[in-house]
Amino acid sequence: MNKLYGTVGPSVIDDGMLQKAVEDQGPQDQAGSIAKEEGIRFNEVIKLRLDYRNILKIDHLWEFTSLTKLQLDNNIIEKIQGLEKLVNLVWLDLSFNNIDVIEGLDALVNLQDLSLFNNRISVIENMDTLENLHILSLGNNLISQLDNVIYLRKFKNLRTLNLAGNPICQEENYDVFVAAYLSDLVYLDFRLLNEQIREKAFAQYQYAIEEIRHTDLQEHKALEAQKVTEQELQLHKDAFVEHLNGPQLFESMFADDAETSKLAYLPGVTALLESFQSQFVASCMQMFEAGLTLHEKKQTEVASFFSCSKEIVTDYQQRADHIVADFESSRKEVMVELQNATDATLLEAKVSNYRREITQMCDTLMTLELQLVDQLEVIIKDFEQNISGMVGGFTEYVQGIFAQCRDLENHQHEKLLEIAVSALDRVAKNELEEDLPDDVRMLFVDKDTLINAVSASHDTHLLKIDNREDELMTRMNGWMSALIKSIQDKEIQRNRQRISEIHNYIDFLKDQLEEMILHDHQ
């Protein structure tokens with residue numbers, strides 16, 4: 001099963017090998033000569049064959065981003081690597097190599113046909129992302145455990161499987177086991193799975209299959225629930241209010257606050273913190289709801305803007321196309337007249353008139369583009385004002401809520417300090433009835449120690465609130481600035497491209513006219 005290096009020695013894929021392979025496998029004859037002269041771009045190659053080349057290591061393939069079919073069979077490759085950029089691969093052949101671990105395939109999500117025939121693989125693994133896999137060949141490997149087949153249940157599109165030549169094929173119920181656990185499989189080891197085998201599989205493994213289906217269903221439900229949770233979290237992040245729909249911010253304020261948790265042993269502190277949490281979380285929920293409402297309005301406004309701008313650009317483009325089409329229909333007639341003109345004076349007049357028409361055409365198209373720019377400028381400014389107004393209103397509202405949160409923290413701090421100082425007096429007089437742990441009693445050594453501890457907690461809480469406010473404002477304003485800049489940049493790019501198109505067209509008309517005049521003079 002192992003392939004040897006041979007007499008030539010191992011090879012590594014390099015630019016020279018790739019260039020030669022692309023040229024040899026590309027168009028031949030005249031088309032091939034033209035392709036070589038112009039240069040073959042690796043990112044445009046669809047199929048590539050690198051078989052029988054004694055290749056030891058897969059490398060230098062990152063430019064082949066359009067590749068759909070890759071042959072690396074009959075080499076001495078030991079490790080699957082260097083395929084991360086080949087995301088369009090549909091067909092991959094790594095048969096007849098020295099590979100012992102399935103790996104490095106995560107990015108190949110479009111892969112439908114994979115051959116790892118005749119390698120040294122003992123475990124079927126690391127293919128979770130290959131959901132489109134339709135054909136899998138793992139024949140002539142070292143797979144000895146039938147349970148490996150269960151892993152393949154996750155590939156719902158798998159219809160053809162080859163495991164022939166593996167130790168598992170010697171198991172008495174091999175084909176029945178495979179048919180039982182891979183119920184959608186059509187071909188196994190080059191043979192059609194007939195009804196007799198399927199019926200036997202159902203009878204023999206019915207309860208095991210029902211159990212595994214139940215497990216699959218539970219896992220599927222868990223994954224779906226996780227997906228919903230992730231989508232909800234992403235929505236909250238897009239609205240800049242993630243983790244404000246519950247006690248998360250409140251809990252983060254106390255996460256590293258050992259002093260307040262110690263003071264919770266004092267009478268009245270627990271009730272104070274519960275009241276504080278209830279009001280604080282309510283304020284966070286107000287921000288959360290306002291953020292989701294703003295996000296929906298933002299999406300509507302953005303969608304409306306892009307729809308409107310696209311409609312306007314399309315309308316102007318159609319008007320320009322009609323003008324060019326009308327000009328083109330008359331231009332052909334004019335060119336025929338110029339070519340057939342025999343009188344020099346008449347020809348000069350017609351040429352002069354045609355030049356004026358070209359200039360007028362240029363002015364007309366430029367005027368249209370200028371009108372379009374002006375109209376787009378108006379709707380972009382309106383959009384900026386609308387978005388700025390939305391964000392500004394939300395900013396003002398959120399700043400008010402965060403101010404409320406700080407007020408709640410200040411109030412809680414004052415009350416906690418009162419309770420703590422009162423407890424300090426009672427500790428000094430030995431009147432405190434509660435039995436306090438030693439680390440809590442350490443806070444009551446003197447008034448300065450107690451006040452410093454409570455104030456440090458207070459400062460930590462305020463810093464958490466301030467940081468969350470700054471983060472929300474920074475991200476929201478950053479989103480708005482990036483969006484507006486992107487729109488402005490794209491409009492500048494569109495305008496430049498359009499002006500360039502107009503100039504190119506006008507230059508073409510002028511060059512054609514000059515070539516005709518020059519030809520007539522000759």
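Summary of computed values
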{"quantity": "Subset of the range 232-247 (residues that are within 15 Å of Q286 (Cβ to Cβ) and open to solvent by less than 70 Å² (accessible area, probe 1.4 Å))", "calculated": "H236, A239, F240, V241, L244, N245, G246, P247"}
{"quantity": "Residues of the range 262-297 classified as open to solvent by 60 Å² or more (accessible area, probe 1.4 Å), touching a helix residue (DSSP H, G or I) at 6+ places or on another chain (Cβ under 7 Å) and not charged (D, E, K, R), total", "calculated": "4"}
{"quantity": "S144 vs. criteria small (G, A, S) and surrounded by fewer than 17 Cβ atoms within 10 Å (Cβ to Cβ)", "calculated": "yes"}
{"quantity": "Those residues of the range 73-89 which are within 22 Å of D128 (Cα to Cα), of a type in the set (A, V, I, L, M) and buried (at least 16 other Cβ atoms within 10 Å of the Cβ), in sequence order", "calculated": "I80, L83, L86, L89"}
{"quantity": "Conditions (1) in a helix (DSSP H, G or I); (2) surrounded by 16 or more Cβ atoms within 10 Å (Cβ to Cβ); (3) in contact (Cβ under 8 Å) with a residue 24 or more places away in the chain: number failed by V427", "calculated": "(3)"}
{"quantity": "Leading residue by the ranking (nearest to L146 (Cα to Cα)) among those in the range 192-210 that are among the charged types (D, E, K, R) and surrounded by fewer than 11 Cβ atoms within 10 Å (Cβ to Cβ)", "calculated": "E210"}
{"quantity": "I487 being hydrophobic (A, V, I, L, M, F, W, C), touching a helix residue (DSSP H, G or I) at 6+ places or on another chain (Cβ under 7 Å) and assigned to a helix (DSSP H, G or I)", "calculated": "yes"}
{"quantity": "Complete set of residues in the range 374-390 that are over 13 Å from V302 (Cα atoms) and open to solvent by less than 40 Å² (accessible area, probe 1.4 Å)", "calculated": "L376"}
{"quantity": "Matching residues in the range 186-201 - criterion: being free of Cβ contacts under 8 Å to residues at least 40 places away in the same chain and touching a strand residue (DSSP E or B) at 6+ places or on another chain (Cβ under 6 Å)", "calculated": "Y187, L188"}
{"quantity": "Residue in the range 216-231 that is under 20 Å from M476 (Cβ atoms) and surrounded by 10 or more Cβ atoms within 10 Å (Cβ to Cβ) present", "calculated": "no"}
{"quantity": "Single condition D256 does not satisfy, out of (1) open to solvent by 70 Å² or more (accessible area, probe 1.4 Å); (2) over 30 Å from G393 (Cα atoms); (3) part of a helix (DSSP H, G or I); (4) of a type in the set (D, E, K, R)", "calculated": "(3)"}
{"quantity": "Among residues of the range 145-166, those that are of a type in the set (K, R) and at pLDDT 95 or above, counted", "calculated": "1"}
{"quantity": "Exclusive hit being in a loop (DSSP other than H, G, I, E, B), without any contact (Cβ under 8 Å) to a residue 12 or more places away in the chain and out of contact with any Leu (no Cβ under 7 Å at 6 or more places or on another chain), set D382, D448, D435", "calculated": "D435"}
{"quantity": "Residue in the range 109-123 that is of a type in the set (G, A, S) and either surrounded by 22 or more Cβ atoms within 10 Å (Cβ to Cβ) or farther than 23 Å from I168 by Cβ (or both) present", "calculated": "no"}
{"quantity": "Scope the range 52-63; condition touching a residue at least 40 places away in the same chain (Cβ under 8 Å) and either surrounded by 15 or more Cβ atoms within 10 Å (Cβ to Cβ) or among the aliphatic types (A, V, I, L, M) (or both); matching residues", "calculated": "R53, N54, I55, L56, K57, I58, H60, L61"}
{"quantity": "Which listed residue is open to solvent by 50 Å² or more (accessible area, probe 1.4 Å) and either under 46 Å from the mean Cα position of the chain (by Cα) or within 30 Å of A349 (Cβ to Cβ) (or both), from L483, L518, L462, L513", "calculated": "L518"}
{"quantity": "Among the candidates E328, E369, E337, residue that is out of contact with any Asp or Glu (no Cβ under 9 Å at 6 or more places or on another chain), open to solvent by 80 Å² or more (accessible area, probe 1.4 Å) and farther than 30 Å from A264 by Cβ", "calculated": "E337"}
{"quantity": "Number of the exception - T359 against (1) closer than 26 Å to I502 by Cα; (2) open to solvent by less than 40 Å² (accessible area, probe 1.4 Å)", "calculated": "(2)"}
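The values are calculated or read from the model by the stated rules, or taken from the named source; none is laboratory data. Just so you know, these numbers come straight off a predicted model, no measurement behind them. In this analysis, Cβ positions are derived from the backbone assuming ideal geometry, glycine residues included, and neighbour counts consider all displayed protein chains. Heavy atoms of the whole protein, side chains included, go into the accessibility calculation; ligands, DNA and RNA do not. Shrake-Rupley method; radii C 1.70, N 1.55, O 1.52, S 1.80 Å.
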